[in-house]
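None of the figures in this text is laboratory data; all of them are computed from the coordinates on show. Quick caveat, the model's predicted, so the values are computed rather than measured. Cβ sites come from the backbone with ideal geometry, for glycine too, and all protein chains shown count toward neighbours.
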Amino acid sequence: MNTPKDAAARRAIEPVICYPVDTLPVPEMAAYKRARATMTKVDEVVVPPRDASCFTVPAGHFFRIVSVEGAQVGDLNLWARDNLNERFYSGKTRALHGTHITTGQRMWTSFPYLRPMATITHDTLDWYGKDEFGGSVHDVIGTRCDPYTHHLLAGGQYHHCCHSNLTRALANHLGVPMVDAEPHVHDVLNVFMCTGFTRNTGQYFMKASPVRPGDYLEFYAEIDLLGALSACPGGDCSAEHSSDVAACYPLLVEIYAPEAGRIETMAEPDISGYDRSHGA
Ligand SMILES: [Zn+2]
């Protein structure tokens, strides 16, 4: 190995944050708090274990992903309801907010839109923080368990990975063939999943989710949303996914309407102001 003489000095350079967020518009948490104090449940959708369900949320409503029956991880996809090309952008959300998201942080949409689609307004697992392994909950680093990676690493045909569950749910919701629905499925928010990177090898790890029945993650819909949620075949993801071995439980999606409708002071977020000429 050709280690340069100044290796230690080079390594000692302090990191800088890639995307300082001091110029990001700060969500008006007080306004969300006032609105959620008046909300009532208007709908709910059950997500069966090892399966996925779709749901819609009008702009200005809240929705919750609730743990019921047992510790279970959920893989969430979100789209602008009337334009599936605008969808959750996990990578950019990670670049802006870090590897895991919680109250006061947002789910951002894909290019060329890049605007907040949902704001997290309550998280009953916010006490977890970061554990001694560097693990935390609700990550935007994993992708979603899928039959392609499973086939690559283990062979076989497994049909209840989150990717397939989301594809089936979306195909049924839209009334289109699987092959047309699949390209819309994208990297997820791993709700309730406890993950991190190992310090020595930098590998993506998971561990048993700290979620318990009654816990929930709550969002405010900034725009009209179509969602799909998969109850991961990994269950609490303490051991493995992409199999029928783990204990799996349903998840519940609850939709809430605030008394006064959409929060008055908050207009629908504008799409990105970049002119898209790309220097041409
Ligand atoms: Zn999964």
Mean separation of Cα contacts under 8 Å, 6 or more apart, over the residue count of segment 45-220: relative contact order %: 34
Gain upon complete extension [Trp127, Ala95; 0.36 nm per residue less C-alpha separation]: 9.2 nm
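Evaluate Rg over Rh across segment 128-280, taking Cα atoms for both radii and Kirkwood's formula for Rh.
Numbers: Rg = 18.5 Å, Rh = 18.2 Å.
Here the Rg-to-Rh quotient is 1.01.
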Filtered trypsin sites (Lys or Arg not before Pro), segment 142-246: DSSP coil and at most 10 other beta carbons within 10 Å: Arg199
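Based on the mean of other Cβ atoms within 10 Å per residue, sort peptides 213-224, 103-114 so the most packed one is first.
On the way: 213-224: 20.9, 103-114: 19.2.
Ranking the peptides 213-224, 103-114 by packing returns 213-224, 103-114.
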Label-to-label distance, nm, for residues given as Val245 and Leu24 (7 Å Cα→Cβ offset): 3.7
FRET efficiency for Asp43 and Asn2, using Cβ-Cβ distance with R0 set to 45 Å, rounded to 0.05: 0.10
Residues of type lysines that Lys207 reaches as a straight line, Cα spacing below 19 Å, ignoring anything fewer than 8 places off in the same chain: Lys130
Given charges at beta-carbon only (K, R positive; D, E negative), |dipole| of the chain in Debye: 620
Virtual spin-label span in nm between His151 and Ala267, 7 Å along Cα→Cβ: 4.8
Most positive-pole-ward Cα, Leu174, Ala31, Thr201, against dipole of the chain from beta carbon charges: Thr201
Residue exposure sequence - Asp131, Asp244 - by fewest surrounding Cβ within 10 Å: Asp244, Asp131
Kirkwood-based shape ratio for the chain, expressed as Rg/Rh from alpha carbons: 0.99
Inter-centroid distance (Cα atoms) of segment 19-83 relative to segment 216-230, Å: 3
Net lengthening on full extension, Val68/Arg199 (0.36 nm per residue, minus Cα-Cα): 43.9 nm
